[in-house]
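Beneath this line is the structure, given in structure tokens, with notes to follow.
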Amino acid sequence: MLAALGANVGIAVTKLVAFAFTGSASMLAESVHSLADSGNQALLLLGRSRARQVQTEEHPFGFGRERYFYAFVVAVVLFTVGAVFSLYEGVHKIMSPEHVRSPLVAFVVLGIAMVLEGFSLRTAVHETNLVRGRNGWTAFIRRAKAPELPAILLEDLAALTGLVFATVGVALSVITGNGAWDGAGSLAIGVLLGCVAAVLAVEMKSLLIGESASPELERAIVTALESGPEVQRVIHLRTLHMGPESLLVAAKIAISGADSAALVAAGIDAAERRVRSAVPIAEMIYLEPDIYRPGKADATDPAIRAVRRPRRPGGSP
């Protein structure tokens, strides 16, 4: 991420120099876009650093959600700095068109930026493929618990698409002699950034509010809890991501009414060890023992419906 930050700063400076030579609205919009991307990557790095703080009395569950907060700020920055400025500049240039000066400079800079952004996008795609499994791209962005990869993936895709818009805008402006096309390119970049910012904001809001573990992880937790003799069944289960690599697990488990307090405590300890072995990110586990009563079971819990064991001899169903 540090390398990407340095590259984006260099690209932004190069685009600003090209804007000074050409006066192109599309080039200015792309300069602001790259500056916004640089600021966004700095924010993501800050969030990752702050998330490593040790929990305190005021924040007993740690600071893992700092990463979600700063990723949400990224969406706000992308919209306010990138989208709004590009939209304003586009409208201004359409209403008061100007000819693009030294278009060759613009095309050279845009071509170099496309190559660099293409390499960056390829790296982001490679990293994403390592973690997305069988999920499609849309499903990965919607379900990912670590905010950095979806944010960088969308930013890189928007950057490359924005460069195409800028190139088309400058080219049409030069071919037709009408500077309004350059403004149209800036306008298209603004709409693109606004859409990306909206997607990021919606996804980060969901993570900030609190998302449960994936269905696969919840099934693994239920299976781990019920795989030992101490737990007859899981009555209900609740999970919550405190950060991308930190999961809170709370479950009510059915035990035998004949067990002593010492046996119950030992059984809970054993069940927690099984869960941590099956799901290493389950850092905080709270198990409440109870006697199983069908009317009190959570029949709507998909994690529990998906994992049911056969009846144990002499045990509850």
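The values are calculated or read from the model by the stated rules, or taken from the named source; none is laboratory data. The structure displayed is predicted, hence computed values, not measured ones. Neighbour counts are summed over all protein chains in view; Cβ atoms, including those assigned to glycine, are modelled from backbone coordinates with ideal geometry.
Couple of notes before you dig in:
- Whether a residue is buried (at least 16 other Cβ atoms within 10 Å of the Cβ), in contact (Cβ under 8 Å) with a residue 60 or more places away in the chain and in contact with a Lys or Arg (Cβ under 9 Å, 6 or more places away or on another chain) was assessed, and residue 26 passes this test.
- Close contacts from the range 137-152, counting a first residue that is within 18 Å of residue 126 (Cβ to Cβ) and a second that is of a type in the set (Phe, Trp, Tyr), with Cβ to Cβ under 9 Å and a gap of 6+ residues or different chains, come to 149/140; 150/140.
Here is a yes/no grid of residues against (1) under 20 Å from residue 89 (Cβ atoms); (2) at pLDDT 85 or above; (3) of a type outside the set (Gly, Ala, Ser); (4) part of a helix (DSSP H, G or I):
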residue: 107; (1), (2), (3), (4): yes, yes, yes, yes
residue: 127; (1), (2), (3), (4): no, no, yes, yes
residue: 150; (1), (2), (3), (4): no, yes, yes, yes
residue: 154; (1), (2), (3), (4): no, yes, yes, yes
residue: 158; (1), (2), (3), (4): yes, yes, no, yes
residue: 168; (1), (2), (3), (4): yes, yes, yes, yes
residue: 178; (1), (2), (3), (4): yes, yes, yes, no
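Yes or no, residue by residue, for (1) in the same structural domain as residue 51 (by TED's automatic domain parsing); (2) surrounded by 19 or more Cβ atoms within 10 Å (Cβ to Cβ); (3) in contact (Cβ under 8 Å) with a residue 40 or more places away in the chain:
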site: 226; (1), (2), (3): no, yes, yes
site: 234; (1), (2), (3): no, yes, yes
site: 238; (1), (2), (3): no, no, no
site: 241; (1), (2), (3): no, yes, yes
site: 245; (1), (2), (3): no, no, yes
site: 253; (1), (2), (3): no, yes, no
site: 258; (1), (2), (3): no, no, no
site: 267; (1), (2), (3): no, yes, no
site: 276; (1), (2), (3): no, no, no
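- Put simply, of 47, 90 the only residue that is of a type in the set (Gly, Ala, Ser) and under 19 Å from the mean Cα position of the chain (by Cα) is 47.
Listed here are the residues, each with its yes/no results for (1) in a helix (DSSP H, G or I); (2) over 15 Å from the mean Cα position of the chain (by Cα).
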position: 205; (1), (2): yes, no
position: 212; (1), (2): no, no
position: 220; (1), (2): yes, yes
position: 242; (1), (2): no, no
position: 248; (1), (2): no, yes
position: 258; (1), (2): no, yes
position: 267; (1), (2): yes, yes
position: 272; (1), (2): yes, yes
position: 277; (1), (2): yes, yes
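- Filter pass, residue 182 being surrounded by 21 or more Cβ atoms within 10 Å (Cβ to Cβ) and within 23 Å of residue 48 (Cβ to Cβ): no
- Test: residue 218 is at pLDDT 90 or above and touching a Pro at 6+ places or on another chain (Cβ under 9 Å): yes
- Residue match in the range 93-100 (condition: closer than 22 Å to residue 8 by Cβ, assigned to a helix (DSSP H, G or I) and in contact with a helix residue (DSSP H, G or I) (Cβ under 9 Å, 6 or more places away or on another chain)): no
- Lone qualifier among 62, 82 - being of a type in the set (Gly, Ala, Ser), touching a residue at least 60 places away in the same chain (Cβ under 8 Å), surrounded by 14 or more Cβ atoms within 10 Å (Cβ to Cβ) and closer than 22 Å to residue 197 by Cα: 82
- Residue within the range 197-218 that is buried (at least 17 other Cβ atoms within 10 Å of the Cβ), touching a Gly at 6+ places or on another chain (Cβ under 9 Å), in the same structural domain as residue 131 (by TED's automatic domain parsing) and in contact (Cβ under 8 Å) with a residue 40 or more places away in the chain present: yes
- Single residue of the range 37-59 satisfying the filter (touching a residue at least 60 places away in the same chain (Cβ under 8 Å) and hydrophobic (A, V, I, L, M, F, W, C)) that is farthest from residue 239 (Cα to Cα): 44
- Annotation: residue 91 fulfils all but one of (1) more than 19 Å from residue 207 (Cα to Cα); (2) modelled with pLDDT under 85; the unmet one is (2).
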